[in-house]
Every structure is written in structure tokens, then in C-alpha cells.
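Chemist: Let me give you the structure first, and then I'll get to my questions.
The values are calculated or read from the model by the stated rules, or taken from the named source; none is laboratory data. Here the structure is a predicted model, which means the values were calculated and not measured. FYI the Cβ positions are ideal-geometry reconstructions off the backbone, even for glycines, and counts take in every protein chain you see. Just the protein is used for accessible areas: all its heavy atoms, side chains included, with ligands, DNA and RNA removed. Shrake-Rupley method; radii C 1.70, N 1.55, O 1.52, S 1.80 Å.
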Amino acid sequence: MTEPTIIVAASDSSAASKAGADYICDGIDDQHEIQTAIDTLPARGGTVQLTEGTFKCSGNILPRSYTTLKGQGDDRTTLVFTNNGLIWMKNDSVALEGLRATGSGYSGKSAHRGVIYITASHMWIKDVTATADRSIQAVFYVQSIEGYTRDIEYIAFIGCVAESPGTYGFLHSSQDTDYTVHRYVQYTDCRAIDCGRDSRFNNWVTGFDFTELNDIESLRVTRCIAEGNWESGFHLEWAPTKNDVVFTDCISRNNGQKPFPKTYSLGGEDYFGSGYYAPRGSYTFSNCTAEGNSAYGFFFSYPDGVYLYDCTDLETGRGKTDYSAVKPTSYFIVQSQLTNANPSIVMENCESIKSFGYGLHIALMDHVRINNFRLTDPAGIDGRGAVMGGSSRGASVVDSSIDIHATGDRVSTLIYAMGNRNVVYTGQINSNAVQPFVIDGYGTSNVRVQDMKILPAGSTGISLTQDVPEGAVTIVKS
């Protein structure tokens, strides 16, 4: 169907644009002309086309269902919001496309919203660049709120950018409602850049936060970039339910600009500092990259069916110097309680390159399956490049298989395993490290090292500490 289009011109648009416009703004309260154009469209919908120029809005714009609000591109059409103004997409089936939006000076209830604020379903947001100062909670914000009596579904962000805001770039949450699920959500070619880096709404500002107080199902994040953000690049909180979450071809770089805390506990909330922070849920990561994130490249706690394929971490911990409280780790996998998933986590063809701490740390885990993990030249912590277990509380890696291929000479031990039970190791180590592979005791039993090749010739190879029980480790050479 050919729907009607109503044209609204900015006060600084060209004479030709004004001549063809249905409404012309005067540069004061321009939301009124835009809203009038929206309300003039028929019930079946249509498009409000904004010309090039700057629209100064001191109040809200409320698109109706089946309408499109469209600019000339984020380099030609700009909406400047003041006095708590924002685009509130509170009706189903709305499209927003091709513009730039900025917001500042928020207070009251509006301070806990977003410049692009979505509280309904079937939304299409394409090629929108936006930013805000620290006075508002988010730039792009999807929130389940009281009055919308069903779950939010079918939200698509395509080519959108949160550009150096003092707040969260993309945020999902819920408040005062039982309908907390966000379902069928798509992010494609979106970017969150320097969110909270210079100033911030609070001390937890991330680039993308997909589950703050909401649950999420069927999330697809494709070719998205998170860079230079105060806290995590891509973030999901621990408590909400996360099902069918898929990241493909994403990049998370130089996140965790926040200073390391003086003390740190995994049970606390002093610090995230992750490229990808993905606790308690089912996830798939394919061909994703983490680079230069301050604490962790990929962080998983309580993984309940997590799959990583062809993922790479480069130089986790870059830019920090004191690692006494926080131990930078390319891939950190911790599980404090048993899961129903077997395997709990799978890693295929993943790599850690030149981590400033550990390349891999697995703790309190069962049913881990790792194949062809490449550990390349880690700086290590306490002389160890990768740690499997490491707890003195008994068996801390159980019923697992780990195929690891390690190189590098910056540590005295590339692979350190302690508290392993029913674990099989395979792979290769090529290093001049003093003790390239150390197996320690405290709960170690039924560990099998199968055909692991250790180079160069004459290396000390596999070392067992005096705490390893007799017969607990079997070394099989080809």
C-alpha cells in the first residue's frame, strides 16, 4: 500500500525544502509541528518525513501506531531535546529512521528514561545516531512498564549508534510490571562508543545492557561494536533469565575504562570490566572478538549451555598496571553450583593472544568441553598462563575434556591444573617455560594426559606436585 507522507521542515532547512513542506518549524518547540504531522496521518498510518536541518524540541514526540518518523540521514537531520523531551515509542508498530538525536538536562521521571524510549512492541529503529548527557539513564532504552499488559516483542535496531554519551548506550529493563520478557530482539551493525567514559549517569554505565531487570529470549546481536565504554561492552545481569542469546561477528574493544578497585570479589559488584559479561544463561558466540578490555575478554558465571566458536581475545588487561586486586583473564569461566546442562560450556577453535594476565581460567566447573584452544604468549599471574581449577577446597574442575595448544615464554608455567577430577587433557605445548604443565593436588583424581606433545626436546614436560595422590594422574604418550 502507498501510505501518505507529510513533510516537516526545520527552521534552518533550505528554501526548496520549506517550499515543499506541509509544516515549517520556527526553531522553538518544534515537537509541536512534528506531533501535529503525526496526528494528521490516517489511522492506517503513514510517514512523517523530516527535512535536513535541526529541530529544537523542548517536549516529547509520541509516534502513533503504524507510523514512520524519518529523517534525511544522521548527518543531515538532527533533533535536539531539552526540558525532558524525548521520542517515546509507547504505541506498537512504529519505525524510526535516518536521523540524529541529542538530549540534555533531564530531571524527575524523565531522568530514568531514554532519548529514544521504547515501551511497546514491533519497533524498527534504523540508522539513528544518538547521544545524551549524564542526566538521563540511557540513549536507547527498551523498558517494560506498568500499563503495557504483555511482553515486549519484535524490536529491531539496525545501524544505530550511541555516540559518546554520559550514560548507557543501549539498555533493556523493566519496572512495576509482571510482563518482564523482551522477546525476538535484534541488533545488527550497531555501535556503543565511549559510553560513560568522560561523565556518567552512575558508576555502572555499559555500552549494551540487554538484561538489567528484564528477562530476554531470542536475542540476536550481529556485527555490533562496543568500544571505550566505562564498564562492560556487552553486558547481561546475573539474575534475569536469558534464553537463546546469540552473538555473531561482534567486537568488544577497550572497555572497562573504570579504574580497578582496591579490593575485588567475584561475589560483589565492585567491577565488571568485560568485553562480554554473560552470566547464568544459554548463549552462543560465533566469531566474536574481545580486545584490550581491562579485566575480562569473555566472562561466564554459572554457564548453563554456552557455546563459543572461533572467538578471539587479544591483550586483556591492556592499559592497567596493578593487577593485585583484579586478575585479567581472556576467558573466565566460573560455576558456583551445578547446572542442568551437559556440556555446561563448549569452546571450539578459540584463542587468547598476549593476555596481560591469564589466557584461560576455569574454576568450580563441571562438564566443560574445550577443543583446539590456542593459548598464545600470556603474561600470566603469579607465573601461570592458564589455570584449570586452582582451588584448595577440593575438586574444582570435574568431568571435562580440555584440548589446549600453548606457546610463549613469559611465564614459568603455561598450564596449571589443581583439583581436577575425571578430566582429560590433550594438545601441545611449545615453550621454554621452566615447568610448562603443572598438575597440583587437593582433590585431584582420575586425570588423564593423552598424547600431549611438549616442545622443545628436553623440556621438563608435565610436572606433578607432591600433593597429587599416587595414581591420580595417568600420562599416555604416543
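Chemist: Carbon and sulfur together cover what percent of the accessible area of segment 60-137 at a 1.4 Å probe radius? Can you show the working numbers first?
Modeler: Working: 1220 of 2810 Å².
Carbon plus sulfur share of accessible area: 43 percent.
Chemist: Let me ask you something else. Skip the ligands, DNA and RNA, and give the accessible area per residue of segment 344-478 with a 1.4 Å probe, whole Å².
Modeler: Details: 5350 Å² over 135 residues.
Roughly 40 Å² per residue, with all protein chains present.
Chemist: Below 30 Å, Cα to Cα, which lysines can LYS354 reach? Residues fewer than 8 away in the same chain don't count.
Modeler: Counting by Cα, and skipping residues close in sequence, LYS354 has these lysines nearby: LYS258, LYS262, LYS320, LYS327, LYS453, LYS477.
Chemist: Expressed as a whole percent, how much of the Cα-Cα distance distribution for segment 128-266 exceeds 23 Å?
Modeler: Numbers: 2931 of 9591 pairs.
Across segment 128-266, Cα pairs with separations above 23 Å total 31 percent.
Chemist: Can you pull the percent of segment 151-290's accessible area that's carbon plus sulfur, 1.4 Å probe, other chains left in place? Write down the numbers at each step before the final one.
Modeler: Values: 2050 of 4840 Å².
Carbon with sulfur: 42 percent of the solvent-accessible area.
Chemist: Once both axes come from the Cα atoms, what is the angle between helix 31-40 and the longest principal axis of the chain, in degrees from 0 to 90, rounded to 10?
Modeler: Taking Cα atoms only, the helix is inclined about 80 degrees.
Chemist: Shifting gears a bit: Shape of segment 272-319 from its Cα gyration tensor (a ≥ b ≥ c, root eigenvalues): rounded if a/c is under 1.5, otherwise prolate when a/b > b/c, or oblate? Numbers along the way, then the final one.
Modeler: Working: a/c = 3.48, a/b = 1.47, b/c = 2.37.
Here segment 272-319 falls in the oblate category.
Chemist: Something else about it: Calculate how large, on average over all directions, the projected area of the Cα convex hull of segment 317-451 is; give the answer in nm² to one decimal.
Modeler: Working: hull surface 31.0 nm².
So the mean shadow area of the Cα hull is 7.7 nm².
Chemist: Evaluate Rg over Rh across segment 105-151, taking Cα atoms for both radii and Kirkwood's formula for Rh.
Modeler: Working: Rg = 11.7 Å, Rh = 11.7 Å.
Using Cα coordinates only, the ratio equals 1.00.
Chemist: Moving on to the next point. Whole number in Å², please: accessible area per residue of segment 79-138, 1.4 Å probe, ligands, DNA and RNA not counted. Let's see the in-between values first.
Modeler: On the way: 1910 Å² over 60 residues.
Per residue, segment 79-138 has an accessible area of 32 Å².
Chemist: For LEU62, what is the net charge nearby, where nearby means another residue's Cβ is under 12 Å from its Cβ and Lys, Arg count +1, Asp, Glu -1? Kindly include the intermediate steps, with their values, before the conclusion.
Modeler: On the way: positive: ARG64, LYS90; negative: ASP39.
That sum, taken over residues with Cβ under 12 Å, equals +1.
Chemist: Per residue of the chain, what 222 nm ellipticity follows from adding -39500 (n - 2.57) for every DSSP H run with n ≥ 4, rounded to the nearest 500? Working shown, then result.
Modeler: Working: 2 runs with 15 residues, N = 478.
Per the formula, -1000 deg cm²/dmol.
Chemist: For the chain, with only Lys/Arg (+1) and Asp/Glu (-1) charged at the beta-carbon, what is the dipole magnitude about the Cα centre, in debye rounded to 20?
Modeler: Approximately 720 debye in magnitude.
Chemist: How big is segment 206-320 along each principal axis, measuring the range of its Cα positions in Å and listing the largest first?
Modeler: Per principal axis, max minus min of the Cα coordinates gives 36, 27, 19 Å.
Chemist: Name the shape class, rounded, prolate or oblate, that the alpha-carbon gyration tensor gives for segment 119-175, where a ≥ b ≥ c are the square roots of its eigenvalues, rounded holds for a/c under 1.5, and otherwise prolate holds if a/b is larger than b/c and oblate otherwise.
Modeler: oblate
Chemist: When volume of the Cα convex hull per residue in Å³ is calculated directly from the model, which label among (1) 146; (2) 264; (3) 164 fits?
Modeler: Recomputing volume of the Cα convex hull per residue in Å³ here picks out (1).
Chemist: Tell me whether segment 161-239 comes out rounded, prolate or oblate; compute the Cα gyration tensor, take square roots of the eigenvalues as a ≥ b ≥ c, and use a/c under 1.5 as the rounded threshold. Spell out each step's value before the answer.
Modeler: Working: a/c = 2.39, a/b = 1.35, b/c = 1.77.
The shape class here is oblate.
Chemist: Please tell me the relative contact order of segment 314-419 in percent, rounded to the nearest whole number, where contacts are Cα pairs under 8 Å and at least six residues apart. Could the numbers behind the result be given before it?
Modeler: Details: 276 pairs, mean separation 26.8, N = 106.
Across segment 314-419, relative contact order equals 25 percent.
Chemist: Counting other Cβ atoms within 10 Å of each Cβ, which trypsin sites (Lys or Arg not before Pro) in segment 231-285 have at most 10 and sit in a DSSP loop? Spell out each step's value before the answer.
Modeler: Working: sites: LYS242, ARG253, LYS262, ARG280; in loops: LYS262, ARG280.
Taking segment 231-285 and a limit of 10 other Cβ atoms within 10 Å, the loop trypsin sites (Lys or Arg not before Pro) found are LYS262.
Chemist: Placing unit charges on C-beta atoms (Lys and Arg positive, Asp and Glu negative, everything else neutral), compute the dipole magnitude of segment 259-399 about its Cα centre in debye, rounded to 20. Could you put the intermediate results ahead of the total?
Modeler: On the way: 10 positive and 14 negative charges, 52 e Å.
Dipole size: approximately 240 debye.
Chemist: Same structure, new question: Just want to confirm a number: the relative contact order over the chain, from Cα pairs under 8 angstrom separated by 6+ residues, in percent. Walk me through the numbers before you get to the answer.
Modeler: Working: 1664 pairs, mean separation 28.4, N = 478.
For the chain, the relative contact order is 6 percent.
Chemist: A follow-up question, please. Quick check for you: with a 1.4 Å probe and neighbouring chains kept, what is the accessible area per residue of segment 202-341, in Å²?
Modeler: Values: 4720 Å² over 140 residues.
That works out to 34 Å² for each residue.
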